[in-house]
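Presented below is the structure to which this report refers.
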Amino acid sequence: MTTLSEAPAETKKPAASGIMAMVRHTQYVLAENPVTAGSFALFVAFLIAAILGPSIVPYDPLASNTMAALQAPSAQHWFGTDQLGRDIFSRVIVATRLDMTIAIASVVLVFILGGFAGIAAGFYGGWTDRIIGRISDTIMAFPLFVLAMGIVAALGNTVTNIVVATAIINFPLYARLARSEANIRREAGFVHAARLSGNSDPRILLCFILPNIMPLMMVQISLTMGYAILNAAGLSFIGLGVRPPTPEWGIMVAEGAAFIVSGEWWIAFFPGVALMLAVFCFNLLGDGLRDIVDPQRRT
Amino acid sequence: MLRTIGRRVATAIPSLIGVIIVTFLLTRVLPGDTASFFAGPAATPQAIAEVRKQLGLDRSLPEQFASYVVNLAKGDLGTSLTTGRPVVTEIAARLPASAELTLLGLFLSLIIAVPLGIVAAVRQGSWIDHTCRIVATAGVSLPVFFTGLIFVYVFYFLLGWSPAPLGRLDVFNSPPPAYTGFYLIDALVVRDFETFRAALSQITLPAITLAVFSLAPIARITRASMLAILAAEFIRTARASGLKSSTIIMTYAFRNAMLPVITTLGMVFSFLLGANVLVEKVFAWPGIGSYAVEALIASDFAPVQGFVLTMAILYVLINLCIDLLYSAIDPRVKVEG
Amino acid sequence: MTASSTTANATTAPAILEVRDLTIEFATRRGTVRAIEHVDISLAKGETLGIVGESGSGKSVTSYAVMRILDRAGRIAEGSIMYSGIDVVAADDQELRDLRGREMAMIFQNPRAALNPIRQVGRQIEDVLLEHVQTTRAEAKQKAVEALQQVRIARPEERYHAYPFELSGGMCQRIVIALALACRPQLLIADEPTTGLDVTTQKAVMDLVVELTRERAMSTILITHDLGLAATYCDRIVVMEKGKVVETALSKDIFRNPAHPYTRRLMRATPRPGAGLRDLLPLETATAPLPAPTPSTGEVLLRVEGLVKEYPRQDTNGMFSKFFGGKQKEAEAPFRAVDNIGFEVRRGETVGLVGESGCGKSTTSMMVMRLLDPTSGKITFAGDDISALPARDFATNPMRRRLQMVFQDPTESLNPRFTAARSIAAPILRGETMSRDALRARCEELAGLVGLPVEFLDRLPHQLSGGQKARVGIARALALNPDLVILDEPTAALDVSVQAVVLNLLQDLKIRLGMSYLFVSHDLHVVRLLCDRVIVMRSGKIVEAGTAEQVLEAPTAEYTRQLIEAIPHPPV
C-alpha cells in the first residue's frame, strides 16, 4: 500500500469547473500534441466535405459521359474518370456524406444500446448480467464480418441494414467495456459515499458511474467509427448494402478492382485512399478525445 | 487434465447452440416470402410451393427449428440453385483453399509481428519501436481489399513479379493428389516441385495481403503486453537476482506476455475470417468466401446460409483450441476451471 | 552532519557498502526531478542498518541505485557507490550481473507480485542458482529444496512444484527470501518486506530474516516507514526526508535523543505505549489541550444482535460438466464472513473493531452502514430496527443521514470528476434544497471544521495531497450532522505525521459535535489512542471485548495476546 504525504501532487493553480475550463483544456491538449491537432483538422475537413460536398464539387457525381471514360488524372479531372466517364474526384467527395452518416449512425446506435446494457449488467449483476452476457457471447461466436454479411443478406440490401448490422456486431465490445468499468466502480468508495448521501441506484448509474466511464468510451467510439466505415465499405465491396450508382467509397473500389489488372489504377486508388485517411483520422482522434474528457489529465 | 479439457469443451456447447439458433432465425427474417427467396428469382409458382413444403414453412416455428436441426445433423445444408449441388459438398470441397490461405497468412503475420513487438518493447525509443508503432497504427486503417488491389497493381501490373490473380494455380499446372487439400503440402509430399512453385507463387500475394492485415493488431498487443510485463515487479526481482538479459526476456517476460496475445488471437481470427472473404474476391481465390459472394450476387440464398453457419462453427472450434492452448500455458486457469 | 552522526558513522568494523554524495535524477514529463541528493550512507560488515522515512523520502530509490536496478528514466547524476571496494556506478553489465544475487540481494514489498506467476517457485530459485553457481540441474534442484527448508517451509520437495498463487502472502515472502539468499550473498536489502502482511506474519518474517542474516554474518539494510520495526531490528538508523539524509545515529540513541527537528517530529508522531493523542503532534504546534469528553449517558445508540453474513461457495462445476465430468463434490457449506456477532455502541463512545485482514470487520461495518444486507441478524439504531429495510431502499430513508462513514482509501472514495466542494456538498444536495450561497457557506464551514483551507475547495482529487483528501472525506461524512460515524481504517494509507494530525482532528470533532464512532482498524496502537472500548474479531467471530485498558493491557484471549506481542514499537 503506498503511503500519501502532505505535499500536493500537482501545481498550486486551482482548476475552475464549467465550460470555460473545458475549452481551455481542449486548447491545451491540442497545443501539446500536434498529431491530435492534425487529426482534429482532418476530421473537420471530412465534416465539411460531408456537409457541403454535393454543392461544391465540379461535376455531377452521377453524370456519365462515355466519351471521357477511363481517363487518367489530369487538370480537368483531378482524380481521373471511371468506366462510365464519371468524375472520380466529385464522386469521392460526395461519398463522404454517405460513409460518415453510416459511421456516425452505427456508432450512436451501438453506444446507446451497448453502453446502457453494459452499465446495467455491470452494476446490477444477477440475471441482467447473465442475459446480456449470453447475447454478447452469441454475437461473438460469429466472425463479425461474416455475421454482418448474414444480417444484411437476410434483412435486405439497404443502408439502414448496414447501420443495424454494424451496430449489432459492435454491441459485445461496448457492452463488455461498459460492464467491466461499471463493475470496477460499483464497489468504489465514492459510490458507497453517494449511497450514504441518499442517492438511489438509478441516479448513481446516471450521475456517478456513466460520467466516469466516458473517457474510455470516447476512445472506443472513435475507433469504432473507423471500423464502421471499413465494415460498410467491405460489405459494399462484395455487393451488399449500398448499390451502384450511389457513390460510396467501398463500391467505387469494387468497381475499380476490375481495372487494376489492366492498369487503370486511379478508379480504385482514390476512394481507397479516402477510406484510409478517414479511418486513420478516427483512430488518432480517439486518443485526443480521451485526453480532453478525462479529468485526471487536467492541470 | 482430461477434466479441464472436458470443461472447456462443455463451454463451447452453448456457443454452438446459440450459433445454430441465430442462423436459423436469420433465414426466417427475410423480407417478403422466404420460400421464393430460396426458390430463386426465376422459379415457377409450383417450384416455390415445393420449396415451401421442403422448408416446412407452413408449420410452427419450433417444428421448423426441429427439422432444421435434424437436417443439420444429417449434414444437409440445402442445395445451391446456381450449381444444383448440395451446399455441404461444395463447402467441403472449397474449405481447404480458404484454410490454406488463412493459415499461411496468419503464420507470416506471427513470425513478423511477434518478434517486432518484443524487440520494440525491449528497445523502447529505437527505430524498431517507432516502426512497430507506425505499423500498428497505420495497419488498422488499411482496408484489406484496398491493400490487395495495390499489391496486385504494383507486383503484377508494374513489376510483373507475381502471376495474374486468377486462383490457386495457373492454367499450366494441375492440382496435386489431395491428401490434405493444401496444395503446398500435397505438392511437397509427392515431391512435385514444379506444382509447388506454381502454387506458391499464386498464394504469395493474397497471403501477404492477409498477413499485412493481421500484422497490426498482433504487433500492437505483443508490444503492449511485453511493455506491461517488463514493468512488472517479478521482473524487477529477476533483475535483482542477476539473471541474464536473455533469460529475463525469454523465459520470464515472453512467456507471461504471450498470454494476452493468445487471448487476442481469438479476436484476430474473427477479423481474419472476415478479411478472407474480401481477399478471396480480389484474388479470385476459389474458397468458401468467394463461394458465398458469388451466391449473393445470384440471389442464391442456401449457400450464403451454409457459409455463415460453417464459418461460425469453425470459429467456435478455433476459439476452443485457443482456450485449451491458454490453459496449457497458464497454470492459474486450472483452478477456476 | 551532527556530532551524533559522525560518531555513528565511524564504525569499527570495515565498511562493506559506502555510498557517498549520491544524487539521482529522474526524467519526467515535467522535466528533471531529483529523487535523492547528496546522500551518504555507510554499512559495516555484519551490521543491520535501517533507512526510515515517509513517502517521497527517497529511501527505496537509494536501494535501487545500490543494486543498479533503477527505472529507465532514472540515472545516477553524482556520487559514488562502493561495494567491498568495487565501484558499482562504473560497473558494466557483466560485473553487475555477478554482483546481483551473488553478492547483494533484495527482497521486496509485495511478495506474491515479486514472483513469476506462471513458473514453479522451486524452478525460480533454481534459475538463480544456475546463473551464479557452477552446478548441474540436478544439483541445483537439490539446493533449491534445501533453500526452501532453510526458510522453514514445510514439505519443501512438494512446495518446490507450487505456483505463487497457491501460496499465502507469508509463504510467498519466505520464497522471496529463499531466492535472495540462495547464492549466499553478503548484503541483503529488505524494502518494506512486511507491508501488506498480517501483523502476526510480519513478526514471523522479520524474525526469520534476522535469524538467517545473523547465522551467515550478513549485512542488512531494512527500509521501512515503521519506526517500531526499525527500532526492534536495526543497529543503526538513517532518517531521510524529501530525498536527503537528515540524521544518522545508533538505534538506541535516535529514539531517546533525536537531534534533527524532522526526526523529532517523526518520533513524536509514532503511536507508542504511554503516548496520548496530543503527544503525537509536534511540540511546536500550539493546540488547545484535548477537550474533556462529556461523560457518556449510557444510552445505547447502536445495537447489533446475531449478525451473520454468508457467501455461497463458488460453484466450480458448470452445468454440462455434470454430464461429462466425474463425481461431483459434496455441496460445500457457504462461507461465513461474519458469524453471529453482537455488540453495542453507546452515545458519545468510541468503539474499536480490531482484527487482521479477512476477519470480517469490514463486512460488519458495511452491514451496519446498510450498504450491504446481512444474511440474518438485527441492527437497531436509536431504537429503530434498520436491518428490516433492504440496503437498496435505505439510501432514500430519513434515517440515512444519521449514519455516515469515512472510507479507507481517500483516493478511491472521492469521485474523480467532482471538486472538493461538490464532494462535500453532495450529501446536502440530496436532502434539502438550499440556495447556492447557503450551500457554499456550509461547505466553507465544514472545510473550516476539518482544517481544509478554503482555496482547496475548488480542486479536483488528483490535485490534492493524501491528507487533504482525507479531510475532504471527513467533511463529507460530517455534512449531515450524523450521530454515528464509522471510520474504516481512515489513516491506514497516510504518512505517520499526517496520521497524527488526522487522529487529533477526529477526536476534537467527535467531542465538539457530540458524535459516536465505530473505529475499524488493524493497528492496535492507533486504536488505543482513540477508543473507549475495543472488540477483537477473528474469522468472523468476536474473540474478545472490553474496555481499551482491559483488552490492550490485560487481554484474556490468546489471539489478542499474540496480536499485541507481534506489534513492534519504539523503546518507550
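The values are calculated or read from the model by the stated rules, or taken from the named source; none is laboratory data. Treat the numbers as computed from the prediction; the structure is a model and nothing was measured. A quick note on method: Cβ atoms are made from the backbone with ideal geometry, for glycine too, and the neighbour counts reach across all protein chains shown.
Return yes when C:Leu250 is of a type in the set (A, V, I, L, M, F, W, C) and surrounded by fewer than 19 Cβ atoms within 10 Å (Cβ to Cβ) and no when it is not.
The answer is yes for C:Leu250.
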Tell me, yes or no, whether region B:292-308 has at least one residue that is away from every other protein chain (no Cβ under 11 Å) and more than 20 Å from B:Pro96 (Cα to Cα). yes
So is A:Met276 surrounded by fewer than 24 Cβ atoms within 10 Å (Cβ to Cβ), at pLDDT 80 or above and either in a helix (DSSP H, G or I) or in contact with a Pro (Cβ under 8 Å, 6 or more places away or on another chain) (or both) or not? yes
Has region A:200-208 got at least one residue that is within 14 Å of chain C (Cβ to nearest Cβ), surrounded by fewer than 24 Cβ atoms within 10 Å (Cβ to Cβ), outside any helix (DSSP H, G or I) and free of Cβ contacts under 8 Å to residues at least 40 places away in the same chain? yes
Consider region B:194-228. How many of its residues are closer than 30 Å to C:Phe108 by Cα and either surrounded by 22 or more Cβ atoms within 10 Å (Cβ to Cβ) or in contact with a Leu (Cβ under 9 Å, 6 or more places away or on another chain) (or both)? 5
Residue check: is B:Gly242 in contact with a His (Cβ under 7 Å, 6 or more places away or on another chain) and within 11 Å of another protein chain (Cβ to nearest Cβ)? yes
Could you please find all residues in region C:384-405 being buried (at least 16 other Cβ atoms within 10 Å of the Cβ), small (Gly, Ala, Ser) and away from chain A (no Cβ under 11 Å)? C:Ser387
Among the residues of region B:18-62, how many are exposed (fewer than 14 other Cβ atoms within 10 Å of the Cβ), at the interface with chain A (Cβ under 9 Å from one of its Cβ atoms) and in a helix (DSSP H, G or I)? 1
Counting only residues that are outside any loop (DSSP other than H, G, I, E, B) and at pLDDT below 70, which one in region C:283-338 is surrounded by the most Cβ atoms within 10 Å (Cβ to Cβ)? C:Ser321
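For region C:63-88: of the residues being of a type in the set (S, T, N, Q) and buried (at least 16 other Cβ atoms within 10 Å of the Cβ), which is farthest from B:Phe234 (Cα to Cα)?
C:Ser84
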Which of the residues belonging to region A:119-139 are within 22 Å of the chain's Cα centre (by Cα) and at pLDDT below 90? A:Ile119
Those residues of region C:199-226 which are acidic (Asp, Glu), surrounded by fewer than 21 Cβ atoms within 10 Å (Cβ to Cβ) and more than 22 Å from C:Ala15 (Cα to Cα) amount to C:Asp207
Checking the condition modelled with pLDDT of 90 or more and farther than 20 Å from B:Leu230 by Cα, which residue from C:Glu37, C:Glu54 passes? C:Glu37
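So which helices (runs of 4 or more DSSP H) are wholly in region C:364-474 and hold at least 2 residues that are free of Cβ contacts under 8 Å to residues at least 40 places away in the same chain?
Answer list for region C:364-474: C:391-394, C:420-431, C:436-450.
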Just the residues that are within 14 Å of chain B (Cβ to nearest Cβ) and closer than 16 Å to A:Leu113 by Cβ, please, taken from region A:125-136. A:Ile131, A:Ile132, A:Gly133, A:Arg134, A:Ile135, A:Ser136
Only one of (1) part of a helix (DSSP H, G or I); (2) more than 9 Å from chain B (Cβ to nearest Cβ); (3) within 29 Å of C:Arg265 (Cβ to Cβ); (4) touching an Asp or Glu at 6+ places or on another chain (Cβ under 9 Å) is not met by C:Val66, so which one is it? (4)
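In region C:479-502, how many residues are touching a helix residue (DSSP H, G or I) at 6+ places or on another chain (Cβ under 6 Å), part of a helix (DSSP H, G or I) and touching a residue at least 40 places away in the same chain (Cβ under 8 Å)?
Our first condition is that a residue be touching a helix residue (DSSP H, G or I) at 6+ places or on another chain (Cβ under 6 Å); within region C:479-502, this holds for C:479-480, C:482-483, C:485-486, C:488, C:491, C:494, C:496-498, C:500, C:502.
Now narrow it down to the ones that are part of a helix (DSSP H, G or I): C:496-498, C:500, C:502.
Filter again for touching a residue at least 40 places away in the same chain (Cβ under 8 Å), leaving C:496-497, C:500.
Final tally of qualifying residues: 3.
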Considering only region C:89-185, give the helices (runs of 4 or more DSSP H) lying wholly within it that have at least 2 residues that are touching an Asp or Glu at 6+ places or on another chain (Cβ under 7 Å) and either surrounded by fewer than 16 Cβ atoms within 10 Å (Cβ to Cβ) or aliphatic (A, V, I, L, M) (or both). C:137-150
When you go through (1) more than 8 Å from chain B (Cβ to nearest Cβ); (2) more than 20 Å from A:Leu109 (Cβ to Cβ); (3) surrounded by fewer than 23 Cβ atoms within 10 Å (Cβ to Cβ) one by one for A:Trp265, which number turns out not to apply? (1)
